[in-house]
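Below is one structure, written out as structure tokens; comments come after it.
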Amino acid sequence: MFSPLERSIVSSFLKEHDKGLFLAVSLCYYCALRRSELRQLKIRDIDLNKGVITLDGVDTKNKDVARVTMPQHLVNYLTKIRIKKHPSDYYVFGSDLQPDEVQCGVNAFTRKHRHVMHSLQEYKILQDIDGKTFYSWKDTAAADMIAAGFNIITIMKHFRHSDVGTTQRYLESFTDYINDVRNFDVNLF
């Protein structure tokens, strides 16, 4: 996972130097979208008025139609970059991760993200990039949601897991139960 400092460094860099990858990272982080879902995402799937993204089920993990809620600041960002100025049948991520009538390649997110991470390490902006992949943004979001106090059912629904057991297994690796219990600050004595 990305630490808060790493998250800030990478997102600031992407906002400045690679807006397409920044949008992909944002949708992975805030909406728990998988790479295959991002590749299939079309402009028409984004409803800024309702603040939701509709996934048709073709490329969702469980093959169900899904409506994913966006945080308001993501809606504001999509409005600011005028995502809706593009034709509704365009893919959000085409060539160079910009809206286009042809979707981006299968490895486009992974390849661009890896290149950015290596560049940030090469210029000594980031120290440790081991294991920090494009998909790490989704894991980071799960950990951040736990830290923010989201309950497991909310996380399960947001990540579109089929049952709470899947979410529990997913989250166990992000939770430091020992320190959580040590820091329990209700004092009955």
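Name the single residue, out of those in segment 101-121 being crowded, with 18+ Cβ neighbours inside 10 Å and within 20 Å of Ile53 (Cβ to Cβ), that is nearest to the chain's Cα centre (by Cα). First the steps, then the outcome.
We begin by selecting, within segment 101-121, every residue crowded, with 18+ Cβ neighbours inside 10 Å; these are 103-104, 108-109, 112-113, 116-117, 120.
Narrowing further to those that are within 20 Å of Ile53 (Cβ to Cβ): 103-104, 108-109.
Values: Gln103: 19, Cys104: 17, Ala108: 15, Phe109: 12 Å.
Only one residue tops the list, namely Phe109.
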(request) Confirm whether Asn49 is free of Cβ contacts under 8 Å to residues at least 60 places away in the same chain, over 14 Å from the mean Cα position of the chain (by Cα) and outside any helix (DSSP H, G or I). (result) yes
(request) Please verify whether segment 90-100 includes one or more residues that are touching a His at 6+ places or on another chain (Cβ under 7 Å) and surrounded by 12 or more Cβ atoms within 10 Å (Cβ to Cβ). (result) yes
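Rule-based calculations on the coordinates, nothing more; no lab input. Please read all numbers here as calculations on a predicted model, not as lab measurements. FYI the Cβ positions are ideal-geometry reconstructions off the backbone, even for glycines, and counts take in every protein chain you see.
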